[in-house]
Amino acid sequence: MRLVTHGDSAPSSVNRYLLPHEHQVIMVRRHPAVLLRPVAEVFGGLIIAGLLSKWLGDQGGGGALVVVWWAWLLLLIRFVWKVAEWSVDYFVVTSKRMLLTTGLITRKVDMMPLGKVTDMSFQRSLLGRMMGYGEFVLESAGQDQALSRIPYIPYPETLYLEVCQMIFPGGSDDD
C-alpha cells in the first residue's frame, strides 16, 4: 500500500523541499484530531458566551456583552488559523529521508535521513486508538535530531510498517 497524494505529486508547499534525486513514497496530512482542542475551545466559548449573554442581558450590561462576543470571535479566528495551519502540515517519507513540514507563515521543516534512524516506535493513547492516530518516536545513534517525535499520525500501524520496511530493507531470512 502506497500512501501518497492523488497523482503521486506533492503540493508545492512540500515539493520545494524534495531533492532532485529522491522520490516521494509516503505523504500524509496529520490526523484531524490535532484540531480537537481548538474545536472544544470554540464550542466551550460559545456556550459560555451564550450563558453570559443571558445573564448580562438580564443585568443590562450591554458593554460587557460586546466584550464577551468579541472574545468569542477571537477564539473563532484562532480556530480558523489552526485549521489553515493543519491544512499545510505534512509528514513526508521519501526514498532518502523523513520530513515534517509545519507552519503557515513561518515555515518549519524537520528532517531526518532514513540512514540515521536506529530505532522507531509508535505510541497510541486510548483516544488515539479510538480515533485512528498515533505518535512516531524516532531515535538516531546518540544524536539529538530535529525530528524525534511526530504526533497525530493517521493509520500509524500501516505507516509504521511502510517506514520500517524502508529503513530496514528485507533481505533473505537464511541467516
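At a glance:
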| read-out | value |
| --- | --- |
| Criterion (more than 20 Å from the chain's Cα centre (by Cα) and at pLDDT 95 or above) met by exactly one of Gly63, Gly44 | Gly44 |
| Search result, residues across segment 83-100 that are more than 11 Å from the chain's Cα centre (by Cα) and not β-branched (Val, Ile, Thr) | Ala84, Ser95, Lys96, Arg97, Met98, Leu99 |
| Conditions (1) touching a Gly at 6+ places or on another chain (Cβ under 9 Å); (2) surrounded by fewer than 16 Cβ atoms within 10 Å (Cβ to Cβ); (3) under 30 Å from Phe168 (Cβ atoms): number failed by Leu76 | (3) |
| Pick from segment 136-175, criterion modelled with pLDDT under 85, hydrophobic (A, V, I, L, M, F, W, C) and touching a helix residue (DSSP H, G or I) at 6+ places or on another chain (Cβ under 9 Å), ranking: nearest to Val92 (Cα to Cα) | Ile167 |
| Residue in segment 99-114 that is farthest from Lys82 (Cα to Cα), counting only those that are of a type in the set (S, T, N, Q) and touching a Phe, Trp or Tyr at 6+ places or on another chain (Cβ under 9 Å) | Thr101 |
| Members of segment 117-134 found to be surrounded by fewer than 17 Cβ atoms within 10 Å (Cβ to Cβ) and assigned to a helix (DSSP H, G or I), listed by number | Leu126, Leu127, Arg129, Met130, Met131 |
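The values are calculated or read from the model by the stated rules, or taken from the named source; none is laboratory data. A quick note: this is a predicted structure, and the numbers were derived from the prediction, not measured. Neighbour counts are summed over all protein chains in view; Cβ atoms, including those assigned to glycine, are modelled from backbone coordinates with ideal geometry.
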